[in-house]
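Data block below; observations after.
Just so you know, all these numbers are worked out from the coordinates, no wet-lab data involved. None of the values given here were measured: they were computed from a predicted structure. Counting neighbours? That spans all protein chains shown, and the Cβs are built from the backbone with ideal geometry, glycine included.
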């Protein structure tokens, strides 16, 4: 239990062999990245493991007790419920068990059947183990992590886009946390924030994970093994994507050295055979020929994209200030994307635009190329700037032409030159004779990007240039941009790509644009630093608030204690007076009451006289006298209160 084993797997479609003699193991706790060029057979092999596709030879061993969650690239959902209902359906068995538990609780309220009580205990234990008390919070946490909002819970899934439905499938697979997760391009339709949430989820996942992905940054963060599908076989590498690339390059260099040495040996041997095959050493020549025939030939490693042996059309020089957006805004009737945005793009910049889905990144590019207009501010394109735009629709391709003709006719090259350009973008051999209309989306993207690079534009505006591309194609685009002597700005969710090509990052979020002077890793580092500083400030403020609160509580406590002590002291005085009064004779008390009443009458008369004096125009005209009389009035009032208090004590005792 806890291991998936494949031994000697093979699969062909007709005469086209996809893979042969493939063997591997995936254990619980391993997070395996499945990489290789498009068409290498990754998705087919995954479907073979799942039993969704038959294989021609070999064996697959999966313990029947192990559960597997699967998310394919494009969700095929026939659902008519709300998002919440669909996510809740992932826990149908848990809810059924909960209903059984509640029914037993109702029965046990009226009986003490020992057998049912034991059954109830087992059900409660199982219900807890299956997350029965926590699945509601799990649904919300997972849905929010994948970009859904509170309002989305009541929306019907059939009204969602294809990308949103794929995220629903991903959420359902993650919710149940099966023994093994099979994910086919899980980062498609996710923005960077969602991808980072998924990375955190998978990093702490206790089960086994098999991930097909072209997102190298994601693979670096998540995986601890890499399976590469290449030349109809599978090679396993321990470590993440960067480690795999390092080891692969070392192996390629060693293989190339071995290939070159073998080729040198073969050439020398063939020269010897030609020289002596008919002479006195013919026997030795035949022996060497036999050795050559038995020699296991080393295959020359495939060449990677390389731009060091030729240059694209050198773009014309242009102004240092390539493009400026000043006080730009854009809004829809029900939503403002951004306001008062300012951007300056300088000659030689490689600018990456990042931000959550819906922030307005593509809109910003369309404003830059003039497809949209801002109601505020202005756009200024620098002198001698020639702009080239890569959109995701590839409008500039001629679907009826072959790949080779598209380059020959457009740029006046000879076939050798055209093939060199096409080869750098992975169109080799007979592939150049394919019709553009028959190419995949990724292949059309490659060709459209090559054409853009050859236009002579010195300012490239790129909207998701690596979408639909496999890793080798992305590397070709990266190398092309790295050698491009002009200026470019790109929107992309591919963080590895942005790390390679950007020297400036613009973050568009919450309607604001913030500039970071560095590549994507620099930007992420600054964001983490900002988050740490914000957390530290929040912690410092919380500590200050705690200290202030504790101080206020201590002061309030001290004040309360002082007031209680004062009240106690006053009460003691009152009690002492009461005691003294109570010990008096009746004659003495009557005498003191009479005296208090006389004093009260005298003071009240004095107060009336003072009131008359204060109301006198002569006194009111003299501020100094008015102040003196007011002070005397206040003192008499206080004296009157004291005599009333004495009188009350004498009469109540």
Inset, instruction - Report Rg/Rh for the range 80-177, rounded to two decimals, where Rg is the Cα radius of gyration and Rh the Kirkwood radius. - result: 1.12
Legend entry - Equivalent ellipsoid semi-axes - Cα gyration tensor, the range 189-322, angstrom: 48, 27, 10
Inset, instruction - Would you please classify the overall shape of the range 142-218 from the alpha carbon gyration tensor, given that a ≥ b ≥ c denote the square roots of the eigenvalues, rounded means a/c under 1.5, and beyond that prolate means a/b larger than b/c while oblate covers the rest? - result: prolate
Inset, instruction - For every helix of n ≥ 4 consecutive DSSP H residues, a contribution of -39,500 (n - 2.57) applies; sum these over the chain, divide by its total residues, and give [θ] at 222 nm rounded to the nearest 500 deg cm²/dmol. - result: -17000 deg cm²/dmol
Inset, instruction - Report the label-to-label distance for residue 268 and residue 416 in nanometres (one decimal), using points 7 Å from each Cα along the Cα→Cβ vector. - result: 3.2 nm
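Give me the percent relative contact order of the range 218-366, please, defined on Cα pairs under 8 angstrom at least 6 residues apart.
12 percent
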Inset, instruction - Can you run the Rg to Rh ratio on the range 321-518? Use alpha carbon positions and the Kirkwood inverse-distance Rh. - result: 0.99
Legend entry - P(r), alpha carbons of the chain - 20 Å bins starting at zero, rounded %: 13, 32, 23, 12, 11, 7, 2, 1, 0
Legend entry - Mean shadow area of the range 584-653, taken as a quarter of the surface of its Cα convex hull (nm²): 4.6 nm²
Inset, instruction - Quick one: work out the % antiparallel among DSSP beta bridges in the chain, nearest 5. - result: 55 percent
Inset, instruction - May I ask you to sort 85, 228, 324 by Cβ crowding, counting other Cβ atoms within 10 Å and putting the fewest first? - result: 85, 324, 228
Legend entry - 10 Å-binned pair-distance histogram of the range 1-72 (Cα, whole percent): 17, 54, 26, 3
Inset, instruction - May I ask for the angle, rounded to the nearest 10°, between helix 282-294 and the longest principal axis of the chain, with both axes built from Cα atoms and the value confined to 0 to 90°? - result: 30 degrees
Legend entry - Most to least packed among 405-415, 201-211 [average Cβ atoms within 10 Å]: 201-211, 405-415
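Grab the alpha carbons of the range 247-294, take their convex hull, and tell me the volume per residue in Å³. Spell out each step's value before the answer.
Working: hull volume 2.7 nm³, N = 48.
Looking at the range 247-294, the number lands at 56 Å³ per residue.
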Inset, instruction - Determine the principal axes of the Cα atoms in the range 507-560, then give the extent along each, sorted from largest to smallest and rounded to whole angstroms. - result: 59, 22, 10
Inset, instruction - State, as an integer percentage, the relative contact order of the chain based on alpha-carbon contacts under 8 Å between residues 6 or more apart. - result: 12 percent
Inset, instruction - For a footprinting-style exposure proxy, rank 60, 280, 195 by other Cβ within 10 Å, fewest first. - result: 280, 60, 195
Inset, instruction - Please list 90-97, 362-369, 443-450, 556-563 highest first by mean number of surrounding beta-carbon atoms within 10 Å per residue. - result: 443-450, 362-369, 90-97, 556-563
Legend entry - Fewest-first ranking of 156, 401, using other Cβ atoms within 10 Å as the exposure measure: 156, 401
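Quick check on the range 472-606: what does the Kirkwood estimate of hydrodynamic radius come out to from the alpha carbon pairs, in Å?
Every distinct Cα pair counted, the radius reaches 23.6 Å.
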